[in-house]
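The structure under discussion appears below in the form of structure tokens.
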Amino acid sequence: MPHERALDLVQITDPRDVTPGLRRELIDCWIAVANAGGAAGFPFPPVSAHDVEPVADEVVGRLDPQQSRLLIAKAGGVLAGWVVLDRDPYRLVQHWGTVHHLQTHPDRRGRGIGAALVQELRKIARDELGLEQLHLAARGGEGLEDFYGRLGWREIGRWPGALRLSPDDTRDEVLMVLARL
């Protein structure tokens, strides 16, 4: 698997730092990923800007240095992928974070961008937020368990048949954890 050379990873913690151009790139990437069948929050392609814009604006609007971080990967100055890390504000579970919306633009897949995003997010979670573990839920049947497993994540459970993509395609939701950040 060739790795992307000059990959720039940039963390964003304030909605005001998402320029109109970056907002457009995030939305375009999400549309491309969803329409290519990616498990990134829109399970029923095709999707359009009309579908994605309000959800992307909500994700960006929640950015906060202590609660929600956006990590983007740029290759050659162009958005290649992104991921969100959220921390729960409740004291009982403040020691862990949840990973959302990991995606690599379909034109850039297989180049280590997703892995680079996850590895950098792990450092941010540990070193900047003081988190002890990360959680995520992944769509079964996509090979995501193997991808995350190679990065040190382990499956901790499943919700059998939780995701109905069509009458003849029901998938498990796979619960994963990365402990020992």
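Within region 89-128, if we keep just the residues that are touching a residue at least 40 places away in the same chain (Cβ under 8 Å) and in a loop (DSSP other than H, G, I, E, B), the residue that is nearest to Leu26 (Cα to Cα) turns out to be His105. Beta carbons closer than 9 Å, at least 6 apart along the sequence or on distinct chains, pair a first residue in region 74-85 that is in contact (Cβ under 8 Å) with a residue 40 or more places away in the chain and closer than 12 Å to Leu26 by Cβ with a second that is open to solvent by 50 Å² or more (accessible area, probe 1.4 Å) and among the hydrophobic types (A, V, I, L, M, F, W, C) for Lys74/Ala6; Lys74/Leu9; Lys74/Val10. Being closer than 23 Å to Trp153 by Cβ and either at pLDDT below 95 or in a helix (DSSP H, G or I) (or both) is the requirement here; does Ala34 meet it? Judged against the criteria, Ala34 is a match. Within region 133-170, the set of residues being open to solvent by 50 Å² or more (accessible area, probe 1.4 Å), of a type in the set (D, E, K, R) and in a strand (DSSP E or B) comprises Arg154, Glu155, Arg158, Arg164.
Consider Pro43 carefully, then state whether it is more than 22 Å from Ala137 (Cβ to Cβ) and more than 12 Å from the chain's Cα centre (by Cα). No; evaluated as a whole, the condition is false for this residue. Look at region 13-29: where a residue is surrounded by 13 or more Cβ atoms within 10 Å (Cβ to Cβ) and a partner is of a type in the set (Phe, Trp, Tyr), sitting 6+ places away or on another chain with Cβ atoms under 8 Å, you get Leu26/Trp82; Cys29/Trp82.
Pairing each residue of region 160-176 that is within 27 Å of Gln133 (Cβ to Cβ) with any residue that is outside any strand (DSSP E or B), provided the two are 6+ apart or on different chains, yields C-beta distances under 6 Å for Arg171/Gly140; Arg171/Gly141; Asp172/Gly140; Val174/Gly140; Val174/Glu145; Met176/Tyr148; Met176/Trp153. If you go through region 2-14 one residue at a time, do you hit one that is in contact with a helix residue (DSSP H, G or I) (Cβ under 7 Å, 6 or more places away or on another chain), part of a helix (DSSP H, G or I) and closer than 22 Å to Glu142 by Cβ? Checked against the condition, which is being in contact with a helix residue (DSSP H, G or I) (Cβ under 7 Å, 6 or more places away or on another chain), part of a helix (DSSP H, G or I) and closer than 22 Å to Glu142 by Cβ, region 2-14 yields no hits at all.
Looking across region 47-92 at every residue that is over 24 Å from Asp107 (Cβ atoms) and of a type in the set (Ser, Thr, Tyr), the one that is surrounded by the fewest Cβ atoms within 10 Å (Cβ to Cβ) is identified as Tyr90. For Ala39, are the conditions met, namely being crowded, with 18+ Cβ neighbours inside 10 Å, at pLDDT 95 or above and not in a strand (DSSP E or B)? When the stated conditions are applied, Ala39 does not pass them. Here Thr98, Thr170 are screened, and the one residue that is of a type in the set (Ser, Thr, Tyr), touching a strand residue (DSSP E or B) at 6+ places or on another chain (Cβ under 7 Å) and over 23 Å from Gln11 (Cβ atoms) is Thr170.
For His95, the test of being under 14 Å from the mean Cα position of the chain (by Cα), at pLDDT 95 or above, on the phi < 0 side of the Ramachandran plot and surrounded by fewer than 19 Cβ atoms within 10 Å (Cβ to Cβ) is failed.
The values are calculated or read from the model by the stated rules, or taken from the named source; none is laboratory data. Everything numeric in this text was worked out from a predicted model, so none of it was measured. Using ideal geometry, Cβ is built from the backbone for each residue, glycine included, and neighbour counts are taken over all protein chains shown. Quick note on the areas: whole protein, heavy atoms, side chains included, nothing else; ligands and nucleic acids left out. Shrake-Rupley method; radii C 1.70, N 1.55, O 1.52, S 1.80 Å.
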